[in-house]
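Written below as structure tokens is the structure these notes are about.
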């Protein structure tokens with residue numbers, strides 16, 4: 001949940017029923033960690049969404065929105081709040097707007113938001129890698 005120290009917020013809206021997954025972070029490092037955690041459980045989220053979308057309310061095996069929210073320590077919301085970073089707009093760091101970059105490494109393709117500081121700068125912010 002957002003607090004007075006929250007600097008970053010990302011909202012994901014699921015495909016089938018529009019359930020929101022909100023990430024709040026006080027630092028780029030914390031944001032990166034939370035995005036990585038969400039990407040690691042993405043299959044579980046998709047499976048749960050599919051069960052919620054196709055399961056009947058009387059089916060004991062279909063989880064409820066409340067049980068899913070409790071499992072993720074989340075609060076269901078009815079409507080999406082205005083995102084902090086608008087679609088197509090870069091997140092910011094201490095050096096201004098970050099730059100979206102893609103590439104391929106030995107581990108495979110990657111996507112990330114990169115700090116705007118010059119290459120080699122000692123105070124360059126950590127990249128935000130996306131999966």
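I'm trying to understand the selection: among the residues of region 22-48, which are surrounded by 15 or more Cβ atoms within 10 Å (Cβ to Cβ) and either closer than 20 Å to residue 70 by Cβ or in the same structural domain as residue 96 (by TED's automatic domain parsing) (or both)?
Residues satisfying the conditions are 22, 23, 24, 34, 38, 45, 48.
Write out, first by first residue and then by second, each pair whose Cβ atoms fall under 6 Å of each other, whose residues are 6+ apart or on separate chains, and whose first residue, in region 28-50, is more than 30 Å from residue 96 (Cβ to Cβ) while the second is not in a helix (DSSP H, G or I).
Within 6 Å, the pairs are 49/14; 49/16.
Tell me the helices (runs of 4 or more DSSP H) entirely within region 18-131 that contain at least 1 residues that are under 18 Å from residue 6 (Cα atoms) and at pLDDT 75 or above.
It comes to 28-40.
The values are calculated or read from the model by the stated rules, or taken from the named source; none is laboratory data. In this text, all values refer to a predicted model and were calculated from it rather than measured experimentally. Cβ: placed from backbone, ideal geometry, glycine included. Neighbour counts: every protein chain shown.
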